[in-house]
Amino acid sequence: MAIKHNNSSKFERSTINLKQSLVHTLVIIGITSLSACGGSGDDETVKPEEKVYPAYTDIKASGGDTTTFDASESGHGFSTPAPNLNAEELSLHLDGDLSFETAFTTAPNSAHPDLDGLGPVFNNADCNSCHQRDGRNSTPQVPNGQTRVKLGSDAGIFLRISLAADEPCTQGSIANDYCAPIPVPDFGGQLFHRGVLQARDDWQQNPFIGQADVYLSYETKVINYNDGASVTLKKPVFEVENPYDAPGETKSSSNVTSNLLQDNVLMGLRNGMPVFGLGLLEAIPEADIVANVDENDANKDGISGRANYVFDAVKAQAGDDYPVSLGRFGWKANTPSVRVQSLGALRGDIGITNPLFPEESIAGTALHNAYLSRTGFVDTGSGVDGEPEADAAFSDSVVFYVETLAVPARRNIDDPNVREGARLFTQLNCTGCHTPSFVTKAEGSIGGVSMSDSHKRQTIYPFSDMLLHDMGDELADGRPDFLASGNEWRTRPLWGIGLTQTVNPQAGFLHDGRAATIEEAILWHGGEAEKSQQGFMALTADERAQVIDFLMSL
């Protein structure tokens, strides 16, 4: 029996050993699994991935030493002088503040000759109307019960106009006017919807109308998120009617004769921009901007920033043989400096000639010639002293004012949602165009004038690469501007964007004011920004809100 027992238990012992081995293996697997799930084994614990926040998350002073920390929550958050100005500079800045808000009158004004020269056609009578409280203008609203609204004295939006070129201009020269937009015959490059009392031959039937009437209406579409949320977007549609060279005519007239209403005339709406921090943007070294150019998308990220090179009136006045500079300002980077931008608007938007632009913008047109002949007014662009309507002191003060407005400080930088939004902003590659920071140059000039010490060696956070990007067909106006195509726009600086509607509750976003909110502006992004826009739409509702919270902190 004993031998039989031993022989039969050999198989049983093997079975028992196999079972023990399996149990041991399962115990080991169980312990390992528990450790991976945060069990008691200290050496086996896997810690949650630590989130990495971009360096700009904790930055509060967006404008370096020019940042203001005192007025950012008020309606005048964009209107504070840079705190690092010296006494002489502050005095010039305050003089410029008065000049910026000066409302001009029709010539002649014998009581106040320093204020006359308005028009004779124009868009607004003062700088502040297009840049309300130094921010954006109010978006025109269509009154209840109406289908469209006519642009009037309260509109800070206008139309750029030009003729379509036979072929794209890719290299500027004297022969092709450096690729500048082609003026519309007898109208120019900007449509002026307002006029002084006798601006037109038909002034008794059309008092205070400029070159033509402009009407705005809106088309809408709904964008749906995957989580069921939706946003209604509106797109402005403009109609131009009643041009001075064919009163009463419209595009749908049976026989269109006006130069303005021809099929080869291109038009694009332009919204007034904030004017703070401009001197800092001009003080960014050109090489640092150009370093971000990626015209052929060499890094294959879908983003192809391009530089615009534009006619520079300052260089031309100085006798430069090739008066072209890097474009930095304007919606299509179509102006090279704060001086050209500011004094060009003084002459263009208001009709006030100045030392840089001493000739009326409509000089030589049938409208201007008829106005001078009919009225006998001495309004050729010169004052009673034979000089431009705005003198050098006035012009310099306006330029210096917008160069030296403080950049508002960021807010709520410790808010967890703001911090998460900053991380998502980078994750979505929004920084592919909205470059967070630059350092301004240590020496040199801006706009042909020695730069203020307040602008030197400042680390700034404008969130813009200052370059052109194709933003897709939905945002395109189809109108080239120097080297910029009809689809391209300069990356808007985002600093201060969160205070936009604190400064002006009726302000809109994008080049034509179509976006009533920052979220709407994001949803309009296409072209090179489409991947980022689609990434934003794929976020959860909480994550989308965090991105907006970050932008509102800027």
To the nearest 20 debye, the chain has a Cα-centred charge dipole, built from +1 on Lys and Arg Cβ and -1 on Asp and Glu Cβ, of 2400
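Can you give the extra length, in nm with one decimal, that the chain gains between Lys150 and Asp177 once fully stretched, where that is 0.36 nm per residue apart less the Cα-Cα distance? Mind dumping the intermediate values first?
Working: separation 27, 0.36 × 27 = 9.72 nm, distance 3.40 nm.
Stretched fully, the Lys150-Asp177 segment lengthens by 6.3 nm.
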Suppose R0 equals 56 Å; then what is the FRET efficiency for Ser252 and Asp114 from their Cβ-Cβ distance, rounded to the nearest 0.05?
0.80
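Could you work out the helix-only [θ] at 222 nm for the chain, with each DSSP H run of four or more residues adding -39,500 (n - 2.57) and the total divided by the number of residues, to the nearest 500 deg cm²/dmol?
Working: 13 runs with 139 residues, N = 554.
That comes out to -7500 deg cm²/dmol.
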May I ask for the distance between the Cα centers of segment 280-303 and segment 65-84, given as a whole number of Å?
29
Using the alpha-carbon atoms, what tilt in degrees (0 to 90, nearest 10) does helix 416-427 show relative to the longest principal axis of the chain?
80
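So what is the relative contact order of segment 103-179, in percent, for Cα pairs below 8 Å that sit 6 or more residues apart? Write out the running numbers ahead of the final one.
Details: 71 pairs, mean separation 14.9, N = 77.
Value for segment 103-179: 19 percent.
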Between segment 209-233 and segment 521-544, what is the separation of their alpha carbon centroids in Å?
18
Sorted peptide list for 252-262, 165-175, 509-519, criterion being average Cβ within 10 angstrom, highest first
509-519, 252-262, 165-175
Extension length gain for Ala71 and Leu372 (0.36 nm per residue less Cα distance), in nm, is 103.7 nm
Acute angle (nearest 10 degrees) that the helix 87-100 long axis makes with the longest principal axis of the chain, alpha-carbon atoms
70
For the chain, find the longest principal axis of its Cα atoms and tell me its angle to the long axis of helix 366-375, 0 to 90°, nearest 10.
40
Just check the chain against the gyration tensor rule for me: Cα atoms, a ≥ b ≥ c as the square roots of the eigenvalues, rounded for a/c under 1.5, and otherwise prolate or oblate depending on whether a/b exceeds b/c.
prolate
Cα centroids of segment 131-194 and segment 325-362: how far apart, whole angstrom?
13
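Under 1.5 on a/c is rounded, so check that first for segment 407-503, then, if it is not, pick prolate when a/b is larger than b/c and oblate when it is not; a ≥ b ≥ c are the square roots of the alpha carbon gyration tensor eigenvalues. Can you show the working numbers first?
On the way: a/c = 1.95, a/b = 1.02, b/c = 1.91.
Oblate, since a/c reaches 1.5 and b/c is not below a/b.
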Entries of Lys150/Lys332; Lys300/Lys531; Lys150/Lys251; Lys150/Lys235; Lys60/Lys456; Lys221/Lys332 with Cα pairs more than 21 Å apart
Lys150/Lys332; Lys221/Lys332
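With r as the distance between the Cβ atoms of Val384 and Asn226 and R0 = 56 Å, compute the FRET efficiency 1/(1 + (r/R0)^6) and round to 0.05.
Details: r = 67 Å, r/R0 = 1.20.
Efficiency, from the Cβ-Cβ distance: 0.25.
Just subtract the alpha-carbon distance of Ala287 and Val237 from 0.36 nm times their residue separation and send over the number in nm, one decimal. All intermediate terms of the calculation are to be shown ahead of the outcome.
Details: separation 50, 0.36 × 50 = 18.00 nm, distance 3.88 nm.
14.1 nm is the gain from fully extending Ala287 to Val237.
Once you sort the root eigenvalues of the Cα gyration tensor of segment 137-261 as a ≥ b ≥ c, which label holds: rounded (a/c under 1.5), prolate (a/b larger than b/c) or oblate (the other case)? Intermediate results must be reported in sequence, preceding the final value.
Working: a/c = 2.14, a/b = 1.20, b/c = 1.78.
In terms of gyration-tensor shape, oblate.
Based on Cβ point charges of +1 for Lys and Arg and -1 for Asp and Glu, what charge dipole magnitude is obtained for segment 169-290 about its Cα centre, in debye rounded to the nearest 20? List each step's numbers first, then the result.
On the way: 7 positive and 15 negative charges, 69 e Å.
Using only the charged Cβ atoms, the result is roughly 340 debye.
Every number in this text was worked out from the coordinates using simple rules, so none of it is lab data. Keep in mind that what you see is a predicted model, and the values were worked out from it rather than measured. Note that each Cβ is placed from the backbone with ideal geometry, even for glycine, and that neighbours are counted across all protein chains shown.
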